[in-house]
Each structure stands twice: as structure tokens, then as C-alpha cells.
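Reviewing the structure listed below.
The values are calculated or read from the model by the stated rules, or taken from the named source; none is laboratory data. Please read all numbers here as calculations on a predicted model, not as lab measurements. All Cβ positions, glycine included, derive from the backbone under ideal geometry; neighbour counts span all protein chains shown. Only protein heavy atoms, including side chains, enter the accessible area calculation; ligands, DNA and RNA are left aside. Shrake-Rupley method; radii C 1.70, N 1.55, O 1.52, S 1.80 Å.
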Amino acid sequence: MLKFVLGIIIFVLCFPNSSHAQSDSINEVTLKYEHRIEKYKKRWSNIIPDYTKIQFAGGMGLLSAGIGWDYGNKHWETDLLLGFLPKFSGDEAHATITLKENYIPWKVTLSHEADFSQWMLEPFTVSLYFNKIFGDTFWQKPPKKYPKGYYYAATNLRINLAFGQRINLHFKNPRFSNTMCVFYEVCTNDLYIMCAVQNKTLKLHDIFSLSLGIKFQIL
Amino acid sequence: MIKRDLYLILLTIILHACDVFEYHPYDTKLGNEYENINKREIEKIKNKSSSGTFKFAFMGDTQRFYDETEKFIDHINGRSDIDFIIHGGDVSDFGLKKEFIWLEDRMKRLKIPYVTLCGNHDVLGSGIEIYSTMYGPLNFSFVYNRVKFICLNTNALEFDYSTPVPDFDFMLEEIKPTDDYDRTIFVMHVPPGDIEFNNNVKMTFAYQIKQSQNLLFCLHAHTHTFAINDYFDDGTLYYGCDSMQKRSYLLFTVTPEGYDYELVHF
């Protein structure tokens, strides 16, 4: 018992600041850890979607909905959409997935109403998107039963091109989203373009179709 | 009242505008005018009157050749001696709905009836669903002037064993003698021996065809090149037509005694 008390006294005498030093280093570690967590969260926060989008038609399904990110001063956008295609006169319904890149070169502010809202026009947008349709009869590479080169175009993946216009309404007192955007697009795809290039009797209205959409800007 | 009219007008505009929306290149949404076309056209063929001799045109593989198809239709509409047309299949190249519609919108300008077979390309994607809705069953037959045309799906490579290709049950049923015909012509997209054909049964197929009532000849598309073959050395001739790209078709004249053919360029 005496030895134990002596030991403590010697320890305290020899390392008078030790308990303090220890808490300091703990603080340091905690700080480092918090810093790291901060960075980690910040990095992941970059991929929090900036907006949600719903689109009708457009070669992606009857209705598609998804999330997206904007960057480059909001001149560039990337959408990730899931679509639904009902069976109509066919045998089954299908799901689709779309990765869509939009470029918006110009933004024109239409009205400034400082305490209410703001209208903004995007007079021209151009989009390139890949749409994949899911289903047993759709493939990317022809099944092995076919000889090489028998069919050359993937049936499940279309590369689409679209042009459009948008109008934005920016809310001064947002409840859900700060800006609501409605837009239309005319779109076509790789195979339609190929057919039109080869045939003079196919006109632009044969290969282009209309789609409508709505975007809710959240961040 | 005016308000209600306005709503009606608006609704009509929206309904018409639905055509300008495309849900997906492979969707199967088709208007009524694009349903059961073969049935409708066969009805027209049946209602046609003819004396002992008649002419019909055989062409095929119109995939991606819309300019040429229009020229073909203008050419056919310019002559009055042809009774009907048989399209040997491959309406589309990728099984896209629009390809079927693009072709059909041209074909419906024809002044004479036409029937359309299913090609291997027409099965791709959701093409088979579109073909079935638009044209009807893949195996079908009709009688004109006491000659029976038996149209067969021979695109075996596109199907698994759950769908018999060629369908021998159908053939057996069709080759039974009936009062309304004396002679037979077989029409198919893929000829026997082609990689697309179920060659395991090609000899059985040849035998079965031979059992039909007074077989005249067989017709096929798919190979894109005009050719006459006696594939089985049994005297049955298979006539293959050029693709539409080559701007030609086969014109057959069937007489009470026999038949004659001509390769017509336009």
C-alpha cells in the first residue's frame, strides 16, 4: 500500500503535467478526427443531388424521374433517370435507365421582382443521353447463337440527341424547391439519324419527337 | 357553352399531339389503323374478281430503303395488271416501331392489296410484338383464284423451342385438300439451308412441302439477291427476290396451265 502511494507521488512529481498533456493529445486526435469527418462529409455532400426531374416521353419511357447535378456555373447538368414503359399492345412492361448530359449556353433573366419571384429563360439546351431498356429480348451484344456481325446495333441501348427550351421560376420564399423549371425537348436517336441520312423521303418530323419535363431545383 | 367547346377543342389538340410524343423507340403503342393489316388486305384479295390468269408481285427486305419503296409504290400504282403484292419480310432493320410505321405509311398508298411476312429483323427488340399486332399471326394463308398461298415463319434462329419454326402442325393443317383450291405456293422469309433456318429439319420440311396439293413453287426473301434454286434436287423451285435497295421485284403470272415469272426493274 505504501509502495503504491509512493509510486503515485513519484509519478506525479516526475510527470507533473502528464495528465494535462494526455488530454491535449486527445484533443488533438479528436480535432484531427473531426477535421477528417468534416472533409469526408464535404466530399460526399458534393454528390447530394442538386435537383429532381420528371420527364414525359423522350425515348426513355412513358414517364421518367430522377436526380441530377449541375456544375460549371449551372451551364452543365447530369441527370440520372429511371423510366417506366407500359406494355401497351405488347407482352410486357419495361424499365429503363437514362444517363443524360445537358448543356445550357445562355440564361436570360426576364423579370426582377425583388421581393416576390424571378423569371428566367434558357432559350436553348442541347442534350446527349444514353438510354438502356431492360427486358429479355434486349441485348447489348448479340447472343452467341448468331454468327459474327449478323446484327450490329445493340437493341437495349440507344444514344439520343435532344434540343430544347426552358423557363425557370425562382421563388423568393421557397418551401420545397427554390426554382421550378418547365421545359420541352425534341429528341431523336442514333438509328433514326442513320435511317434519315440514307433516305430523302424521311423528314425531320419523322425522326424527331417531343417530350415535356419539370425540374425542381433544391440546392 | 363556349367554354365547353373550348375544352373539347383543347382535348382534341392534345389527343392529336400524342402522336408527336414518343415514349420509347421500342414501345408497342400502335393506333387502330396499324392493327391486323394482313387480315384486312386478305379480305380485299378475296373480294377481287379474276379470270383464270392472274399476276402478283413478290418483293421484300425493305428495311431502311424507304426512298426505293416509294419508287416501287409509284411504279406499281402506275400499272393496272397486278392483282396483289406479297412482301417477303424484313419490314424493319432494328425492330423499331417507327420503322414499321414508316413502311406501312408508304404501303397504304398502294392501290392493290398487299400481305406482309415476318422477317428475322422484324423479331428484334419488341419487333415481334409489333409485327403480331400490326400484321397478325406469323403463319397464315389465303386463297386467290383457286391457288393457296401458305406463308410461313422460317426465322428459326430468332426463336427457342417453345415456338415451332417452321410450324409443321400448321403446315399439315394447311396442306389438307379443300374445295376452294387446287394448287399451292409456299412463301417464306428465310430459305432452307440458310443459317437462320432450322436446318435439322430441312429434309422433313422439303418432304412436307411436297405433300401439298399441286405445288407450283416456293418464294423467299432474306438473301437480298435474285436467285432460283432447286435446294433439294426434287424439282421444287425456290425463287428469291432482290432487296428493295436493288429496285426490282419478281412478277409472277399464274395461268390455268402453269406459271411464268419476270424480274422487273423500276
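Computed quantities for the displayed model
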read-out	value
Residue within the range A:190-198 that is assigned to a loop (DSSP other than H, G, I, E, B), closer than 26 Å to B:T69 by Cβ and touching a helix residue (DSSP H, G or I) at 6+ places or on another chain (Cβ under 6 Å) present	no
Filter result for A:Y184 (within 13 Å of chain B (Cβ to nearest Cβ), assigned to a strand (DSSP E or B), open to solvent by less than 50 Å² (accessible area, probe 1.4 Å) and under 20 Å from A:K53 (Cβ atoms))	no
B:L110 vs. criteria away from chain A (no Cβ under 14 Å), modelled with pLDDT of 95 or more and more than 26 Å from B:G258 (Cβ to Cβ)	yes
Residues of the range B:39-97 satisfying the condition of being part of a helix (DSSP H, G or I), β-branched (V, I, T) and touching a residue at least 60 places away in the same chain (Cβ under 8 Å)	B:I42, B:I45, B:T69
Some residue of the range B:199-209 being over 20 Å from B:G60 (Cα atoms), open to solvent by less than 70 Å² (accessible area, probe 1.4 Å), in a loop (DSSP other than H, G, I, E, B) and in contact (Cβ under 8 Å) with a residue 12 or more places away in the chain	no
Whichever residue in the range A:28-64 is of a type in the set (G, A, S) and surrounded by 18 or more Cβ atoms within 10 Å (Cβ to Cβ) and, among such residues, is farthest from the other protein chains (Cβ to nearest Cβ)	A:S64
Evaluation of A:S177 against (1) open to solvent by less than 20 Å² (accessible area, probe 1.4 Å); (2) assigned to a loop (DSSP other than H, G, I, E, B); (3) in contact with an Asp or Glu (Cβ under 9 Å, 6 or more places away or on another chain) (one fails), failing number	(3)
Answer from A:I133, A:I159 - the residue that is in contact with a His (Cβ under 7 Å, 6 or more places away or on another chain) and within 20 Å of B:K97 (Cβ to Cβ)	A:I133
Candidate set: the range A:126-159, residues that are assigned to a strand (DSSP E or B), more than 9 Å from every other protein chain (Cβ to nearest Cβ) and not small (G, A, S); chosen: the one farthest from B:G119 (Cα to Cα)	A:V126
Failed criterion for B:A156 (all others in (1) farther than 21 Å from B:F58 by Cβ; (2) touching a Leu at 6+ places or on another chain (Cβ under 6 Å); (3) aliphatic (A, V, I, L, M) hold)	(2)
Matching residues in the range A:70-96 - criterion: being open to solvent by 60 Å² or more (accessible area, probe 1.4 Å) and either away from chain B (no Cβ under 13 Å) or assigned to a strand (DSSP E or B) (or both)	A:Y71, A:N73, A:K74, A:W76, A:L80, A:L82, A:F84
Residue match in the range A:210-218 (condition: in contact with a Leu (Cβ under 7 Å, 6 or more places away or on another chain) and either in a strand (DSSP E or B) or surrounded by 14 or more Cβ atoms within 10 Å (Cβ to Cβ) (or both))	no
In the range B:113-124, residue farthest from B:V143 (Cα to Cα) [restricted to those that are of a type in the set (A, V, I, L, M) and touching a helix residue (DSSP H, G or I) at 6+ places or on another chain (Cβ under 7 Å)]	B:V123
Scan of the range A:116-130 for residues that are open to solvent by less than 10 Å² (accessible area, probe 1.4 Å) and over 16 Å from A:M60 (Cα atoms), ordered by number	A:S117, A:E122, A:T125
Residues being away from chain A (no Cβ under 13 Å), in contact with a Ser or Thr (Cβ under 9 Å, 6 or more places away or on another chain) and not charged (D, E, K, R) - total across the range B:50-84	6
The listed residue being open to solvent by 10 Å² or more (accessible area, probe 1.4 Å) and more than 21 Å from A:G61 (Cα to Cα), out of A:L169, A:L161	A:L169
Restricting the range B:180-196 to residues that are within 14 Å of chain A (Cβ to nearest Cβ) and open to solvent by less than 10 Å² (accessible area, probe 1.4 Å), the residue that is farthest from B:L216 (Cα to Cα)	B:E196
A:L191 vs. criteria facing chain B (nearest Cβ under 9 Å), hydrophobic (A, V, I, L, M, F, W, C), touching a Pro at 6+ places or on another chain (Cβ under 8 Å) and surrounded by 13 or more Cβ atoms within 10 Å (Cβ to Cβ)	yes
Those residues of the range B:116-153 which are in contact (Cβ under 8 Å) with a residue 60 or more places away in the chain, within 21 Å of B:R64 (Cβ to Cβ), under 11 Å from the mean Cα position of the chain (by Cα) and not in a strand (DSSP E or B), in sequence order	B:L117, B:C118, B:G119, B:Y135
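Residues checked against (1) hydrophobic (A, V, I, L, M, F, W, C); (2) at positive phi:
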{"site": "B:P164", "(1), (2)": "no, no"}
{"site": "B:M171", "(1), (2)": "yes, no"}
{"site": "B:V187", "(1), (2)": "yes, no"}
{"site": "B:K202", "(1), (2)": "no, no"}
{"site": "B:N214", "(1), (2)": "no, yes"}
{"site": "B:A221", "(1), (2)": "yes, no"}
